[in-house]
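Quick note: the coordinates plus some simple rules give every number you see, no bench work behind them. Since we're looking at a predicted model, the values are computed, not measured. Here the Cβ is made from the backbone with ideal geometry for all residues, glycine too, and neighbour counts use every protein chain on show.
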Amino acid sequence: MSHAHLPATAVTLRAPNGVTVRLTNLGATLMAIETSDRSGRFANILLGYDDPSDYPAAGGPDPDAYLGATCGRFANRIAGAAFVLDGVRYTLSDNESPNHLHGGARNFHHALWTIVAADDRHVKMTLHSPDGDQGYPGALDASADFSLADNGELAIVYTAQTTRPTHVNLVSHGYFNLSGDPHRSILDHLLRIDSTQILAIDAANLPTGERLAIAGSPFDFTVARPIGARIDDDDDQLRHAGGYNHNYLLDMGGVRPVARLEDPTSGRTLTISTDQPGLQFYSANFLGGRFAPRSGICLEAQHWPDSPNRPDFPITRLDPGATYRSETRLRFGVD
């Protein structure tokens, strides 16, 4: 992988309705998204830094916050930093010892991606990850494609091919604060998630394998309600994560709306559509550095955590000749 020896580049996408998206090829990272409130005022609704040099590969702050980054090869956690594939055990980088998080100690968000196409509405970046990178089998060629529609909807499409059987799970790790003020808490944001089950987690934030029905619990967002309403309830699952950091199980199908976020004060809304089987809801409980805990919300469309070790979970295996593909769409609006 190409780590940051060359200076990172920033690219800005602009939609006719005024929505702008700023990205850098360092980590295929979303740096800023500006959208309008109900009064027509534009503000950045994404936690991030002003300059690519502030991001982790340059030794910047918050190396583990993954602000706006593309995480890979495998987003989320893999227990014991290892998996067995076709009878062979592969040991991965244990960057959350003893487990593996978001692709390892030198993962895709530290890498300098190659911009292969760019204009004011679209940018495509590619990354070559060699065989054995962070312990994963197979050389992987990944692409990240960001395109902005006339209505300001941002489509994020990841693809990858491999030379040997491996596991892939790429995600865009944006922290949203629809108020436009990164110093404000997101606890008054209203959230709705089209899901009735989560994966239970243990104290290491790893899935236990149990699928929990969430009706009536602090995790029930089938009807929009404030994130902060029950975040501090006396609940083992909330204690394990210091708040929300859970995978919501989604019905499989094509790209369809799965979650909606709203800031009642500004009126800004975000609707997330995806073809992925899970949505990781993280309430930024341990965010640090320039941003306070719970000043952003992550809604990460992805495969389920620890899938390589869980044959009963949706499959993340990728074989030579096949193409991994995931698509997520972010639609911005006002109420």
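Below, the figures for the structure above:
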quantity: Separation of the SER53 and SER97 label points, Cα + 7 Å toward Cβ, nm; calculated: 3.3 nm
quantity: Top positive-direction residue, dipole computed over the chain with Cβ charges, set THR162, ALA117, PRO137; calculated: ALA117
quantity: Estimated inter-spin distance, THR163 and ASP232, nm [label 7 Å along Cα→Cβ]; calculated: 5.4 nm
quantity: Virtual paramagnetic centre 7 Å along Cα→Cβ of ARG317, amide N under 19 Å, in the range 155-176; calculated: 160-170
quantity: Karplus (6.51, -1.76, 1.60) ³J(HN,Hα), θ = phi - 60°, over the range 44-50, in Hz, Gly and Pro reported as x; calculated: 6, 9, 10, 6, x, 10, 6
quantity: Relative contact order (%) - criterion: Cα under 8 Å, at least six apart; region: the range 65-184; calculated: 27 percent
quantity: For ARG164, net neighbour charge (Lys/Arg +1, Asp/Glu -1) across residues whose Cβ lies under 9 Å away; calculated: -2
quantity: Highest-fluctuation residue, GLU210, GLU96, GLU300 considered, GNM on the chain with Cα pairs under 10 Å; calculated: GLU210
quantity: Normalised contact order of the range 199-254, rounded percent, pairs of Cα under 8 Å and 6 or more residues apart; calculated: 40 percent
quantity: Within-14-Å neighbourhood charge of ASN151 [Cβ basis; K, R +1; D, E -1]; calculated: +2
quantity: Relative contact order (%) - criterion: Cα under 8 Å, at least six apart; region: the range 10-334; calculated: 19 percent
quantity: Paramagnetic reach from VAL84 in the range 294-318 [backbone N under 13 Å; point 7 Å along Cα→Cβ]; calculated: 309-311
quantity: Gain on full stretching of the segment that runs from ASP150 to ARG14 - 0.36 nm per residue minus C-alpha separation; calculated: 48.1 nm
quantity: At q = 0.09, 0.13, 0.14 Å⁻¹, base-10 log of I(q)/I(0) for the chain (Debye sum, equal scatterers on each alpha carbon); calculated: -0.43, -0.94, -1.11
quantity: Mean Cβ count within 10 Å, highest first, over the residues of peptides 211-220, 122-131; calculated: 122-131, 211-220
quantity: MRE, 222 nm, helices only [DSSP H, n ≥ 4, -39500 (n - 2.57), over the chain, to nearest 500]; calculated: -500 deg cm²/dmol
quantity: Label-point separation, SER39 to ALA215 (7 Å along Cα→Cβ), nm; calculated: 4.3 nm
quantity: Test item: Cα-centred dipole of the range 10-334, Lys/Arg +1 and Asp/Glu -1 on Cβ, debye; calculated: 420 debye
